[in-house]
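All remarks here apply to the structure that follows.
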Amino acid sequence: MHKYIIRRLLMLIPVIIGVTFIVYSIMFFTPGDPALIILGENAPEEQVEKLREEMGLNDPFIIQYLRFLKNALKGDFGRSYSTRKPVFNEVFSRFPATLKLSTAGLLLAVAIGIPIGIISATRQYSLLDSITMVLALLGVSMPNFWLGLMLILLFSVRLGLLPSGGDVGFASLILPAITLGTGVAAIITRMTRSSMLEVIRQDYIRTARAKGVAERRVINKHALKNALIPVVTVIGLQFGYLLGGAVLTETVFSWPGVGRLMVEAIKQKYTPVVLASVIFMSVVFSIVNLLVDILYAFLDPRIKSQYR
Amino acid sequence: MSSSVTTEKDTNLKSQAGKKRSQWGEVWRRLKKNHMAMIGLIIMIILILLAVFANQIADYEEVAIKQNTANRLQGPSRENWLGTDNFGRDIFARIIHGGRISLMVGVVAVGIAVLIGGTLGAIAGFYGGRVDNLIMRAMDIFLAIPSILLAIAIVTALGANLFNLMLAIGISSIPGYARIVRASVLTVKDQEFIEAARAIGASDFRIITKHIIPNALAPVIVQGTLGVATAILSTAGLSFIGLGVPKPRPEWGSMLSDGRTYLWEASHITTFPGLAIVITILALNLLGDGLRDALDPRLKQ
Amino acid sequence: MSDNILEIKDLVVHYITDEGVVEAVNGLNMTLKRGETLGLVGETGAGKTTTALSILRLVPNPPGKIISGEIHFDGENLLELSEEEMRSIRGNKISMIFQDPMTSLNPVMTVGEQIAEGIEIHQGLSTDEAMEKAHEMLELVGIPRERAIDYPHQFSGGMKQRVVIAIALACNPSLLIADEPTTALDVTIQAQVLELMRNLREEFNTAMILITHDLGIVAETCDKVAVMYAGEVIEYATLEQLFENPKHPYTIGLFGSIPSLEHDVERLKPIKGLMPDPTNLPSGCPFHPRCSHAQDICKERKPIVTNIEEGHMVKCLIYEGVMEAKEVL
């Protein structure tokens, strides 16, 4: 088991380095001169050129990338153009807010999605099942930022029940979490349902029934564990969607997280901030996937025994 | 969907063609039986027609772009079916033209992703070994970045215009299709009829085009349909944060972002474009799910 | 108290699907004595599995439905019992094992747990006591008891089937239904499993219904044979009677399509035609479209049960004396 974890951790490193390479390469092509941005549009030519030399902007791409990588590994992503604070600190300080939001969304999604998916599957063709499927379909079809706006419209503007912005206590988490979590809840519901339906059709369920096992136990003990295995993987992948979707939700709800920081930076063309944010989120995503893989190995004895 | 190989090439081709025709016919028949999928299909056809004939329905310059401040923020009425926005522009017209953009971006982005991703996946699956490893490791790296963030990065770097939007969303979708095609190739590659085809001297190219691609077609079609939906959502999202098509071009996402400030007094600016998105995505999902069921070879009760 | 552990009378089972009503079982009659082994023979689609599932009332519903008939087990009509009463019979008094051992076991539970579960439910033992018995069952089927903590994927196909047998016999049922238990196994493993089953049956005096399409296995293991066609038993006899003196043209056809070690034959004689479509069964005798002895009357009249001799019954118009004197069998 430990071998498995260590192996996966080691595989993580080249992936992350690869991510930095890709994202850096992309951002490298951003038009606009960082030196100009810092000194201002009207700065004299020689000053700009001098700053460019200092910042190493005239070096070939590979050199610049390696320099970037070296610094990144030390946690140095440069300084923000405007605030002059280290970019890394800016991103990292916003992270807890994003994590709070994403986790809330995920918990909501799982808490709703799995039970409903199970019930739907065991009552296939019933009215409940049909309603669930329709709602799940709607959930997947809604842009989450639109849902956020509609929720704000209803609960904040018209009903005045919930705050519409900022991270100011539990009440302010509700609407954003629902916004972010609905799409994922819908996906988890569908996934759980189809996985359960698939499992219930299996021969070993028939064996359990032929043994005289009560239906309840057949579902909860025999079917569930098998059905949840693929769902766990999907949950991990959905976390990536949550991290990405947080960008939009944080904008709608003025939530002080990494996503909102990114959007501001984009507007002002602060590439280091965008760069750092994307890499940071990717690293978090990779770690989450790693945890999911480990959990998966725990659940499925076929994987567990490979690494005994 | 598989084809069989015999030594009589002519009869083989004819029976193959006959089989293929009836296979697609069978798929269509199954799709037709699925009422939800047909609803999705009809909605999509309507949307496509609206997009194609957008200019006939509501002239671009006149109605969608020209500002008419006297008429601003009106609710739905006889002249403006869905009301006007903060610049007095007719929302219905803007939604129609926005639909055109969304569908275009969706289709082109998916096209790019399928072409590049599919090719990579096919090469990886077909040649295996180091090539496979290399390509799939690269795909894994791309997949470590949440796709919206990747699209954001690309558009930020290249600038916000229609083409870059398509490119960004397309590129961020590549790994998915690479995986799908690779998986299809792997299932077919080991089957015996491939060996048989080689034994009668078929070239690699012929094997790929005649045997492997038809096999990969089904999952790609399903994923592609759903992929257009995701692309449209991503487009709206990117526009919402200001990375979409430049104003004043109407795009559903940017319309939503515009409407934010007027949520209190003129909520229709936000509600209607959103509904347009929901309906489109819904239709695509229904169609995609229906196609998945219709193309599923296991559904032989 | 009768000698019969199982009596099926006029069982009718249909599957109601979009494409039509599948008449899977049509007026089936069958009896089985305690400790006896009955071979249920027929081609795929004859209704054998449906019959077996009906005994345990495990016919998937929807779309399956037991329309009419009686199934008497040990004096009780199973079709009149409540679901709860049936559950106490399944795995306890009547057990069933299925065809494919690879998929019959739950991949995320240890084999020990899977064997112990039935014991716990039916015999009211504690978890530890049940697990101890599970270990004993493993040894009984020839698997080292330490392997109880292993998972199904760690066993070979033959060993998996042994585990399945262990589960089935754990509560000492009086009737075991085995649906093609060796079809998915290699021939050598097949022999081992059959021998195991024979030994266990002798030790516990379990009656068995062995469903198979392989006459060779029937010859090795069964006391009586019932031949099924299109949802009915068309011939029922002791092993000797069936092999030495088959009466129904279908049965004769079955024997004719097996190669023999004793005589040389120019060609094997398969039965012409295909199994009838169960949504659209032929009128009269269901076999008449494929029967080389068929006459016009076979299209119109359904055969009834004719007694050839003690213990040997057949459903064919030839033996009812209503056919024109063309053939003598």
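The values are calculated or read from the model by the stated rules, or taken from the named source; none is laboratory data. This one's a predicted model, so the numbers in the text were calculated from it and none came from an experiment. In this analysis, Cβ positions are derived from the backbone assuming ideal geometry, glycine residues included, and neighbour counts consider all displayed protein chains.
Test residue A:192 against the criterion of being touching a helix residue (DSSP H, G or I) at 6+ places or on another chain (Cβ under 7 Å), crowded, with 17+ Cβ neighbours inside 10 Å, assigned to a helix (DSSP H, G or I) and free of Cβ contacts under 8 Å to residues at least 12 places away in the same chain, and give yes or no. Taking the combined requirement at face value, the residue does not satisfy it. The lone criterion from (1) touching a helix residue (DSSP H, G or I) at 6+ places or on another chain (Cβ under 8 Å); (2) modelled with pLDDT under 90 left unmet by residue B:112 is number (2). The set of residues in segment C:65-106 being within 14 Å of chain A (Cβ to nearest Cβ), part of a helix (DSSP H, G or I) and either out of contact with any Lys or Arg (no Cβ under 7 Å at 6 or more places or on another chain) or under 16 Å from residue C:50 (Cα atoms) (or both) consists of C:78, C:83, C:84, C:85, C:87, C:88, C:89, C:103, C:104. Could you check, for segment C:185-206, whether at least one of its residues is in a helix (DSSP H, G or I), more than 16 Å from the chain's Cα centre (by Cα) and within 19 Å of residue C:238 (Cα to Cα)? Yes, because at least one residue in segment C:185-206 is in a helix (DSSP H, G or I), more than 16 Å from the chain's Cα centre (by Cα) and within 19 Å of residue C:238 (Cα to Cα).
Criterion first (surrounded by fewer than 13 Cβ atoms within 10 Å (Cβ to Cβ), modelled with pLDDT under 80 and in contact with an Asp or Glu (Cβ under 9 Å, 6 or more places away or on another chain)) does residue A:58 satisfy it? In short, yes. Condition check: farther than 25 Å from residue B:123 by Cα, touching a residue at least 60 places away in the same chain (Cβ under 8 Å) and either crowded, with 24+ Cβ neighbours inside 10 Å or away from every other protein chain (no Cβ under 12 Å) (or both). Does residue B:169 satisfy that? No, not satisfied. Can you spot a residue in segment C:8-26 that is closer than 19 Å to residue C:208 by Cβ, touching a residue at least 40 places away in the same chain (Cβ under 8 Å), within 13 Å of chain A (Cβ to nearest Cβ) and in a strand (DSSP E or B)? No, there is no match, as no residue in segment C:8-26 is closer than 19 Å to residue C:208 by Cβ, touching a residue at least 40 places away in the same chain (Cβ under 8 Å), within 13 Å of chain A (Cβ to nearest Cβ) and in a strand (DSSP E or B). In this structure, does residue C:109 turn out to be touching a residue at least 40 places away in the same chain (Cβ under 8 Å), of a type in the set (A, V, I, L, M, F, W, C), outside any helix (DSSP H, G or I) and within 30 Å of residue A:300 (Cβ to Cβ)? Criteria met by residue C:109. In this structure, does residue B:105 turn out to be surrounded by fewer than 24 Cβ atoms within 10 Å (Cβ to Cβ), assigned to a helix (DSSP H, G or I) and out of contact with any Phe, Trp or Tyr (no Cβ under 9 Å at 6 or more places or on another chain)? Here the answer is no, as residue B:105 does not meet what is asked. Within segment C:15-42, being within 30 Å of residue B:33 (Cα to Cα) and either of a type in the set (Ser, Thr, Tyr) or surrounded by 20 or more Cβ atoms within 10 Å (Cβ to Cβ) (or both) holds for C:15, C:17, C:22, C:23, C:24, C:25. If you go through segment B:11-67 and keep only what is modelled with pLDDT of 80 or more, β-branched (Val, Ile, Thr) and exposed (fewer than 15 other Cβ atoms within 10 Å of the Cβ), you end up with B:42, B:45, B:46, B:48, B:52. When residue B:194 is tested against (1) under 19 Å from residue B:131 (Cβ atoms); (2) at pLDDT 75 or above, exactly one condition is not met: (2).
Checked against (1) in contact (Cβ under 8 Å) with a residue 24 or more places away in the chain; (2) under 20 Å from the mean Cα position of the chain (by Cα); (3) at the interface with another protein chain (Cβ under 8 Å from one of its Cβ atoms), residue C:40 meets all criteria but (3). Exactly one residue out of C:71, C:67 is modelled with pLDDT of 85 or more and either of a type in the set (S, T, N, Q) or over 15 Å from the mean Cα position of the chain (by Cα) (or both): that is C:67. Within segment A:166-189, the set of residues being assigned to a helix (DSSP H, G or I) and either among the small types (Gly, Ala, Ser) or more than 21 Å from residue A:109 (Cβ to Cβ) (or both) comprises A:171, A:172, A:177, A:181, A:183, A:185, A:186. For segment B:258-270, the candidate set comprises residues that are at the interface with chain A (Cβ under 7 Å from one of its Cβ atoms) and either touching an Asp or Glu at 6+ places or on another chain (Cβ under 7 Å) or at pLDDT 80 or above (or both); within that set, the residue that is surrounded by the most Cβ atoms within 10 Å (Cβ to Cβ) is B:270. Residue count for segment B:116-133 under the criterion of being surrounded by fewer than 16 Cβ atoms within 10 Å (Cβ to Cβ) and over 14 Å from residue B:175 (Cβ atoms): the result is 6.
Against the conditions (1) in contact with a Lys or Arg (Cβ under 8 Å, 6 or more places away or on another chain); (2) more than 21 Å from residue A:283 (Cβ to Cβ), residue B:165 satisfies every one except (1). The numbered conditions (1) within 14 Å of chain B (Cβ to nearest Cβ); (2) in contact with a Gly (Cβ under 9 Å, 6 or more places away or on another chain); (3) outside any loop (DSSP other than H, G, I, E, B) are all true for residue A:23 except (2).
Of the helices (runs of 4 or more DSSP H) lying entirely inside segment A:201-308, the ones with 2 or more residues being facing another protein chain (nearest Cβ under 9 Å) and modelled with pLDDT under 90 are found at A:224-252, A:258-267, A:271-299, A:301-304.
Residues of segment B:127-152 that are outside any helix (DSSP H, G or I) and more than 8 Å from chain A (Cβ to nearest Cβ): B:128 alone. Scanning for something exposed (fewer than 13 other Cβ atoms within 10 Å of the Cβ), away from chain B (no Cβ under 14 Å), more than 23 Å from residue A:294 (Cβ to Cβ) and without any contact (Cβ under 8 Å) to a residue 40 or more places away in the chain, does segment A:2-12 turn up at least one residue? Looking for residues that are exposed (fewer than 13 other Cβ atoms within 10 Å of the Cβ), away from chain B (no Cβ under 14 Å), more than 23 Å from residue A:294 (Cβ to Cβ) and without any contact (Cβ under 8 Å) to a residue 40 or more places away in the chain, one finds none in segment A:2-12, hence no. Return yes or no: is residue C:277 surrounded by 12 or more Cβ atoms within 10 Å (Cβ to Cβ), at pLDDT below 85 and either of a type in the set (Gly, Ala, Ser) or outside any helix (DSSP H, G or I) (or both)? Answer is yes for this residue. Only one entry in A:21, A:68, A:95 is under 24 Å from the mean Cα position of the chain (by Cα) and within 21 Å of residue B:156 (Cα to Cα), namely A:21.
In summary, residue C:45 fulfils each of the numbered conditions (1) in a helix (DSSP H, G or I); (2) more than 7 Å from chain A (Cβ to nearest Cβ); (3) crowded, with 16+ Cβ neighbours inside 10 Å with the single exception of condition (1). Residues in segment C:66-92 that are buried (at least 16 other Cβ atoms within 10 Å of the Cβ) and within 16 Å of residue C:176 (Cα to Cα): 11 in all.
Only one of the listed residues (A:174, A:131) is more than 10 Å from chain B (Cβ to nearest Cβ) and surrounded by 15 or more Cβ atoms within 10 Å (Cβ to Cβ). That residue is A:174.
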